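Okay, so here's the structure we're looking at.
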Amino acid sequence: MAVRNLVRLIAYLRGSRRRLAAYVALLIVSSGATVAVPLVFRRVVDRGIEAGRPGAVITLTAAAAGLALLAAATSAAGNSLGAALGMELTYQLRMALYRHLVGESLPFFSRSRSGALTARVSRDTLDAQKLVQGLLGTTTAQGVTLVFAVAAMVSLDPVVTLCVLAGAPLFLIPGKVFARRVMAAARRQAKAGTAANHHLTEWLNVSGALTRELFGSAEREVAAFGRVAREQRDAVTSRNVNFYASGFFLAALGAVGYATVYLLGGLRTAHGSMSIGTLIALAALVQAVYNPLVQITTQGLGLSTGLVALERVFEVLDRGRPDEPATDGKLHRPVRSLVLDDVWFRHPTTAEATLPSLADTDPDETGGRWALRGIDLQLTAGATTAIVGPSGAGKTTTALVASGIYRPDRGTVILDGIDTTTLSRHELHRAVGMVTQDAYLLNDTLRENLLIAAPDAGDGALRAACDLAELHELVAAMPNGLDTVMGDRGYRLSGGERQRLALARVILAAPDIVILDEATAHLDSRTEAAVRRALSQHLAGRAQLVIAHRLSTITRADRIVVLEAGRVVETGTHVELLEKQGAYARLVASGDDLRP
C-alpha cells in the first residue's frame with residue numbers, strides 16, 4: 001500500500017520535470033564530491049605525507065577542501081530544490097483533494113465530521129509534504145551517496161567491501177521488527193488527531209461558546225478534549241519508544257561495521273598489502289555506506305506519520321462521488337417549467353454516504369427508508385406552488401430534489417422537457433435557485449457573502465438586491481457598508497437579517513425557478529410583508545415553490561400541495577382544500593404547522 005501510494009505521487013510532478021532533473025543532477029554532483037574527498041585524502045597520505053612531498057600535501061588538501069565545498073554547495077542547492085518540489089507536490093495534492101471534496105454530494109457532508117474533513121485537507125496534506133520532502137531530501141540523497149560509496153570501496157579493496165556489505169542486510173531487521181508498531185501508533189495518532197480537530201471545530205466558535213454559556217458545559221468539554229488529547233499523547237509516546245529502540249540497534253550495527261573495517265584493514269596494512277592512506281579512505285567511506293543505511297532505515301520509520309497521511313488522502317481521492325452527466329445538456333433561458341414525475345427518494349445510510357474514517361463514531365443508520373414516495377409536482381412560470389404538511393412529511397426533501405441538490409432514486413426531474421440528469425450542476429443551478437431555512441454566512445464582508453451568488457456583480461447590483469431584501473437600513477448603519485465583516489457564521493446579524501441576506505443572494509443569482517424553504521420564518525410581520533411585496537414584483541413571471549408555516553403566505557399560492565409521510569395526499573387552492581375538510585383543513589385547524 002505504502003509503495004503504491006508513493007508511486008502514485010509521481011503523477012503530481014509531471015509539470016516539474018525540469019526541476020526534478022536539475023534536482024537529480026545536483027544530488028549526483030553532491031554525492032560524487034562527498035565520496036571523492038576520502039579518495040583524495042588517501043593520496044594526501046600515500047603520495048604526500050609518506051612520500052615526504054609537502055607540495056603534494058598542499059595541492060591535494062586544497063583539492064579535497066574544494067570538493068568538500070562543492071559537495072556542501074550542491075547539497076544545499078539540492079535540498080532547497082527538493083523542498084520546493086515537495087511543496088509543489090503537496091500543493092497539487094491538496095488542490096486535488098479539495099476539488100474532489102467540493103464535488104461530493106450533500107449526504108456525504110451530512111454524514112461526515114467537519115473536523116475530519118478539514119484535517120484531511122490541512123493536516124494530512126502537510127504530513128504528506130513532510131514525507132515527500134524527506135524522500136526528496138535525506139532518503140534520495142543518502143541513497144545516491146550509498147551507491148557512490150560502495151563503488152569507491154570496491155575500487156579500493158573488494159574483500160573488505162564484501163565483508164562490510166555482508167552486514168548490510170542486518171539493517172532490515174529493525175525496520176521489520178519496529179515498522180508495524182510505528183505505523184500502528186501513527187494510525188492511532190492520526191485517528192486521535194482527527195477527533196481532536198473535530199472537537200475544536202465544533203466547540204471553538206461562536207455557536208459553541210453560546211451553548212457553553214447556556215448550559216455550563218465547559219468542564220464536560222474539557223474532559224472530552226482531555227480524552228482525545230490523551231489518546232494522541234499515548235500514540236505518540238508508543239511511536240517514539242519503538243522509533244528510538246530501533247535507533248539503538250542501528251547504532252550498534254554501525255559500530256560493528258566500523259570495527260570490521262579497522263580490523264580487516266588494519267591486519268592487511270600490518271602485512272603490507274594495504275597502504276595507510278587506503279585504510280583511512282576505507283574508514284571514511286564505510287561511514288558513507290553505513291550512515292545512509294542508518295538514515296534510510298530511520299527515515300523510513302520516522303516518515304510513518306507521512307505514510308499514514310498519504311493513505312488517508314488517497315482514501316478520499318479513491319472514493320467514488322456523484323459524476324457529472326455524460327451528456328452536456330443546455331437549457332434555453334428563461335426556463336418556464338419544472339416537473340417532478342413519480343419521484344422516489346431515500347436518504348443513504350452512513351456507509352453509503354461517506355467513509356468510515358470520516359463518519360461519526362456512532363453513525364446514524366436511519367437512512368435507507370423512502371423519504372419521498374411517488375411525488376408528482378409541476379411548477380409553471382408565473383405561478384406559486386406551496387408545500388405544506390406535518391414535520392417530517394418530506395417538504396424540505398422535495399425542495400432539495402426539485403433544486404437538483406438531491407437526485408431521485410426513481411422517477412425524473414424535468415426542466416422544460418429536459419431530464420436534469422443530462423445537465424451539469426452549473427447549468428442546473430443557473431436555472432433553479434433556493435433559499436434554505438438557515439442561511440450560512442462566511443466570516444467575511446457583506447460584499448463577499450453576496451458575491452457567492454453573483455461573482456461579477458458590481459456595487460449597484462449589490463445595493464439593489466439589498467434594497468429588495470429590505471437590507472438597505474442595515475447596510476447604511478454598518479461602519480464600512482458593504483465591506484463590513486459579518487462575524488463568525490454571520491453571528492453579528494440577527495436571524496431575520498441573515499434570512500434577508502440569503503434572499504438578496506437569490507435575487508442576485510436571478511434563477512428562473514425560485515424555491516423558498518421557510519425563507520421568511522425569522523422576519524416580523526411588517527418586514528415579511530415588505531419583503532414579499534418586493535419579491536412578488538422582482539420574481540413576477542417566474543415559477544415559485546414555497547414552503548412556509550405562515551397561513552398568510554400559503555393562502556396567496558396558486559396551488560397548495562399537502563404531503564404526509566413522503567406522499568402527496570391533497571392538492572388544490574386554499575379554499576378548495578378547506579372545503580374538502582381533509583388533511584389540509586386539519587393542519588389549519590390544529591395550528592401546528594400553519595400559523596395565521
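The values are calculated or read from the model by the stated rules, or taken from the named source; none is laboratory data. Predicted, not measured: the structure shown is a model, and the values here were computed from it. For neighbour counting, all protein chains shown are included, and Cβ atoms are generated from backbone atoms with ideal geometry for every residue, glycine included.
Between Arg111, Arg123, Arg94, Arg99, which is of a type outside the set (Phe, Trp, Tyr) and exposed (fewer than 15 other Cβ atoms within 10 Å of the Cβ)? Of Arg111, Arg123, Arg94, Arg99, the one residue that is of a type outside the set (Phe, Trp, Tyr) and exposed (fewer than 15 other Cβ atoms within 10 Å of the Cβ) is Arg99.
Might you let me know whether region 555-575 holds any residue that is without any contact (Cβ under 8 Å) to a residue 12 or more places away in the chain, under 28 Å from Arg346 (Cβ atoms), in the same structural domain as Gln378 (by TED's automatic domain parsing) and not aromatic (Phe, Trp, Tyr)? Scanning region 555-575 turns up no residue that is without any contact (Cβ under 8 Å) to a residue 12 or more places away in the chain, under 28 Å from Arg346 (Cβ atoms), in the same structural domain as Gln378 (by TED's automatic domain parsing) and not aromatic (Phe, Trp, Tyr).
Just to be sure, is Glu427 within 28 Å of the chain's Cα centre (by Cα), over 21 Å from Leu340 (Cα atoms) and part of a helix (DSSP H, G or I)? No: the conditions fail for Glu427. Looking at this structure, is Ala439 assigned by TED's automatic domain parsing to the domain that holds Gly404 and part of a helix (DSSP H, G or I)? Here the answer is no, as Ala439 does not meet what is asked. Taken across region 519-526, residues that are of a type in the set (Lys, Arg) and part of a loop (DSSP other than H, G, I, E, B) do not occur at all. Look at (1) modelled with pLDDT of 85 or more; (2) on the phi > 0 side of the Ramachandran plot and you find that Gly368 fails only one, number (1). Residues in region 498-515 that are in contact with a strand residue (DSSP E or B) (Cβ under 6 Å, 6 or more places away or on another chain) and either surrounded by fewer than 23 Cβ atoms within 10 Å (Cβ to Cβ) or over 11 Å from Leu535 (Cα atoms) (or both): 6 in all. Across region 230-240, the qualifying residues are those that are surrounded by 14 or more Cβ atoms within 10 Å (Cβ to Cβ) and within 27 Å of Pro169 (Cα to Cα), and the one among them that is modelled with the highest pLDDT is Ser238. Identify all residues within region 531-543 that are in contact (Cβ under 8 Å) with a residue 40 or more places away in the chain and either surrounded by fewer than 16 Cβ atoms within 10 Å (Cβ to Cβ) or more than 25 Å from Val401 (Cβ to Cβ) (or both); write none if there are none. Within region 531-543, Val531, Ala534, His538, Ala540, Gly541 meet the criteria. All told, Ala589 meets the bar of being farther than 24 Å from Ala383 by Cβ, among the small types (Gly, Ala, Ser) and part of a helix (DSSP H, G or I). Could you tell me whether any residue of region 489-508 is closer than 23 Å to Thr436 by Cβ and in contact with a Cys (Cβ under 7 Å, 6 or more places away or on another chain)? Yes: one or more hits. Here region 213-229 is the region considered, the condition is being part of a helix (DSSP H, G or I) and at pLDDT below 80, and the residue that is farthest from Tyr491 (Cα to Cα) is Phe215. Within region 1-28, being part of a helix (DSSP H, G or I) and more than 18 Å from Ala83 (Cα to Cα) holds for Ala2, Val3, Arg4, Asn5, Val7, Arg8.
To keep it simple, each residue is scored yes or no on (1) out of contact with any helix residue (DSSP H, G or I) (no Cβ under 9 Å at 6 or more places or on another chain); (2) modelled with pLDDT under 85; (3) under 23 Å from Leu200 (Cβ atoms).
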| residue | (1), (2), (3) |
| --- | --- |
| Val57 | no, no, no |
| Thr61 | no, no, no |
| Leu69 | no, no, no |
| Ala73 | no, no, no |
| Ala77 | no, no, no |
| Gly82 | no, yes, no |
| Gly86 | no, yes, no |
| Thr118 | no, no, yes |
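When you scan region 527-535, do you find a residue that is at pLDDT below 85 and farther than 30 Å from Ala585 by Cβ, even just one? Scanning region 527-535 turns up at least one residue that is at pLDDT below 85 and farther than 30 Å from Ala585 by Cβ.
Let's see how each residue does on (1) surrounded by fewer than 16 Cβ atoms within 10 Å (Cβ to Cβ); (2) in a helix (DSSP H, G or I); (3) modelled with pLDDT of 90 or more:
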{"residue": "Leu545", "(1), (2), (3)": "no, no, yes"}
{"residue": "Thr553", "(1), (2), (3)": "no, yes, no"}
{"residue": "Arg556", "(1), (2), (3)": "yes, no, no"}
{"residue": "Ile560", "(1), (2), (3)": "no, no, yes"}
{"residue": "Leu563", "(1), (2), (3)": "no, no, yes"}
{"residue": "Glu570", "(1), (2), (3)": "no, no, yes"}
{"residue": "Ala585", "(1), (2), (3)": "yes, yes, no"}
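Go through region 74-91 and report how many residues are surrounded by fewer than 17 Cβ atoms within 10 Å (Cβ to Cβ) and either polar (S, T, N, Q) or in contact (Cβ under 8 Å) with a residue 60 or more places away in the chain (or both). Number of matching residues: 2. Of all residues assigned to region 247-255, none qualifies as being buried (at least 16 other Cβ atoms within 10 Å of the Cβ), in contact with an Asp or Glu (Cβ under 9 Å, 6 or more places away or on another chain) and either assigned by TED's automatic domain parsing to the domain that holds Ala151 or modelled with pLDDT of 75 or more (or both).
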